[in-house]
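First the structure, in the form of structure tokens, and then the observations on it.
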Amino acid sequence: MKRIAILGSTGSIGTQALEVIGANPESFELEVITANNNADLLVAQALAFKPNAVVIANEDLYEQVRDALQHEDIKVYAGANALNSVVEMGTVDMVLTAMVGYAGLQPTIRAIKAGKEIALANKETLVVAGQLITDLARQQGVNIYPVDSEHSAIFQCLAGEFHNPIEKIILTASGGPFRGRKADELSKVTRAQALKHPNWEMGAKITIDSASLMNKGLEVIEAKWLFGLKNDQIEVVVHPQSIIHSLVQFEDGSIKAQLGLPDMKLPIQYALGFPNRLKNDFPRFNFMDYPQLTFEKPDLETFRNLQLAFDAMERGGNMPCILNAANEIAVAAFLREEVGFLEMSDIIEGSMAKVAYIANPSYEDYVTTDRETRSYAAEVANKLSLQ
Ligand code: NDP
């Protein structure tokens, strides 16, 4: 029986993780759930699953959640600091980091320091501070299990191969809703169009990242740290059907792939249940429904965010942290319809050129870098919105 804390239980990954936990009561027990603003759903989840504790990050909503749960034996906490404390609870074995963005960094660090296993969906944590997080996990003897479908695929391909060096990995990308489009068309795309992903139903931020290919860029950096790879060992191929979730090539030239329908419940279940494969009734893949699986080279000139992510990884230090912070600001401004789709790359590129580079950042350097980048990127986004 694994006792699980879900950071971000009201989101796309969080709600699917609850389905997995609900379907496997003999394997998992829910200890903690958390949300940012969605108090109603958090309360409904608490009433359904009866966890030990809930956290609402937005402190203004504390009384609402406390009152709604007053007749239950459930502890209610509020605020960002409470997220850091609940992951350390003695009754928690594994923390599923399903929060979005940089906000996931601190609770992930606290969970690792407390020796909790990590099921990592919050890729931004590894993008911002991959070296720090992986060093810490190694020191603490903590395993980080990938939830991202591509990284789960690689992890699954590596089962039984841990002593065989990887020659390279190939991350697949759907290409998003704007695959094949050129810059003049992309300059006019709307928020609604960008939020329509062809294959996956996800939260708003990652859906925009998928449309701009930033998501793949973040995943490249995430893979580097998760699997201890050199930069030139990571390739991206566009595979519009999202059936092959990623591949590993070994030193004998053999390639292993993991396939399945695009459904996040499978990688979530694999991460929570590792090393076991739990029986389920998720829809099965059938080759006859997909007579063609196709592959293309990513268009790095049009989708500049992917190139910027490769550049940030190559530069190292705090550059991926700058990339991430600028991207979070750019995506938020695009979602508010204040900047255009291509202007997101301008904001990121400008921030990477402007914010001070640090080759060997400490945790405090990441905090400062994140703050300075957000401030600069917001200024640029604001200027663009007034044009
Ligand atoms: P969602 O936007 O759907 O959910 C985010 C969750 O985090 C919600 O529970 C939200 O609470 C909470 N949250 C957001 N901001 C904060 C904050 N500042 N403090 C505390 N809690 C916060 O995101 P997704 O589920 O789509 O994605 C979560 C993470 O998983 C991301 O890092 C994403 O890149 C990654 N991921 C997602 C995939 C997917 O299929 N969705 C696939 C692979 C990776 P509230 O609801 O109250 O706002």
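Bear in mind that the values in this text are calculations on the coordinates, not laboratory data. Model, not experiment: these values are computed from the prediction. In this analysis, Cβ positions are derived from the backbone assuming ideal geometry, glycine residues included, and neighbour counts consider all displayed protein chains.
Taking the centroid of alpha carbons for each part, segment 244-297 and segment 206-223 are 19 Å apart.
Of the beta bridges in the chain, as assigned by DSSP with both residues counted there, near 25 percent are antiparallel.
From the Cα gyration tensor of segment 1-144, with a ≥ b ≥ c the square roots of its eigenvalues, which class applies: rounded if a/c is under 1.5, or else prolate if a/b is larger than b/c, or else oblate?
On the way: a/c = 1.82, a/b = 1.44, b/c = 1.26.
Verdict is prolate for segment 1-144.
Which distance in Å, rounded to a whole number, links the C-alpha centroids of segment 1-68 and segment 124-155? Segment 1-68 and segment 124-155 have Cα centres separated by 23 Å.
Each 10 Å bin from 0 upward holds the following percent of the Cα-Cα pairs of segment 189-310: 10, 36, 40, 13, 1. The calculated 222 nm mean residue ellipticity attributable to helices in the chain amounts to -14000 deg cm²/dmol, summing -39500 (n - 2.57) over DSSP H runs of n ≥ 4 and dividing by all residues.
Packing-wise, with mean Cβ within 10 Å as the measure, how do 201-210, 179-188, 318-327 rank, highest first?
Details: 201-210: 20.1, 179-188: 13.3, 318-327: 28.6.
Descending mean neighbour count gives 318-327, 201-210, 179-188.
Principal axis analysis of the Cα atoms in the chain yields extents of 58, 52, 41 Å, listed in decreasing size.
Once C-alpha pairs closer than 8 Å and six or more residues apart are averaged by separation and normalised to the residue number of segment 1-105, the relative contact order reads 34 percent. Qualifying GluC sites (Glu not before Pro) in segment 301-387, where qualification requires a DSSP coil assignment and no more than 13 other C-beta atoms within 10 Å, comprise Glu301, Glu337.
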